[in-house]
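Below is one structure, written out as structure tokens; the observations come after it.
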Amino acid sequence: MLIGNVGKDPDVRYFEPDQAVAQVRLATTERGYTLQNGTQVPDRTEWHNLVFYRSLAKIVEQYVLKGDKLFVEGKIRSRVYDTQQGQRKTVTEIIVDNMELLSPRPQSAGEATVAEPGPAAQDNQADDSSALPF
């Protein structure tokens, strides 16, 4: 489970009309503090690679923007690939099963003033990481 801010707009790819994959970078920050001896410990930000499949990817494409606050649940997966220069790289990703948008949306003039929660979504289908070309 992670709560963080989206670093840039999602990258969404379609392989068939119903086969979408979205990738998002999420920043989580642990706030700094001061030790009893006066030593300052600075904020620590970690960046996470999130991957959304199928219906969740379409929701991300439609609703998620840079700077939005997200809550996600998923599985950690590492994969290895070779670069064009022949170097072997390992990337760690969160395969998202459940997501909730925590950022409030601005209301247009005709909308009611009652606050509604952001879109929550869950992808109950088994993930198909073999559909990824990268």
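The values are calculated or read from the model by the stated rules, or taken from the named source; none is laboratory data. Just so we're clear, the structure is a prediction, and the values are computed from it rather than from any experiment. Neighbour counts are summed over all protein chains in view; Cβ atoms, including those assigned to glycine, are modelled from backbone coordinates with ideal geometry. Heavy atoms of the whole protein, side chains included, go into the accessibility calculation; ligands, DNA and RNA do not. Shrake-Rupley method; radii C 1.70, N 1.55, O 1.52, S 1.80 Å.
Calculate the translational D of the range 10-102 in whole µm² s⁻¹ from Stokes-Einstein, where the hydrodynamic radius comes from the Kirkwood formula applied to all Cα pairs, the temperature is 37 °C and the viscosity 0.692 mPa s.
It comes out at roughly 214 µm²/s.
Mind checking the per residue accessible area of the range 1-54 for me, 1.4 Å probe, whole number of Å²?
66
Through the Karplus equation 6.51 cos²θ - 1.76 cosθ + 1.60, θ set to phi - 60°, convert the phi angles of the range 61-66 into ³J(HN,Hα) values in whole Hz; use x for Gly and Pro.
4, 7, 10, 8, 10, 3
Show which lysines lie in cross-link reach of LYS66 when reach means a straight Cα distance below 20 angstrom and same-chain residues fewer than eight apart are skipped.
LYS8, LYS58
Pop a pseudo-label 7 angstrom from the Cα along the beta-carbon direction at both LEU35 and ASP9 and give the gap in nm to one decimal.
Once both label points are built, they end up 4.5 nm from each other.
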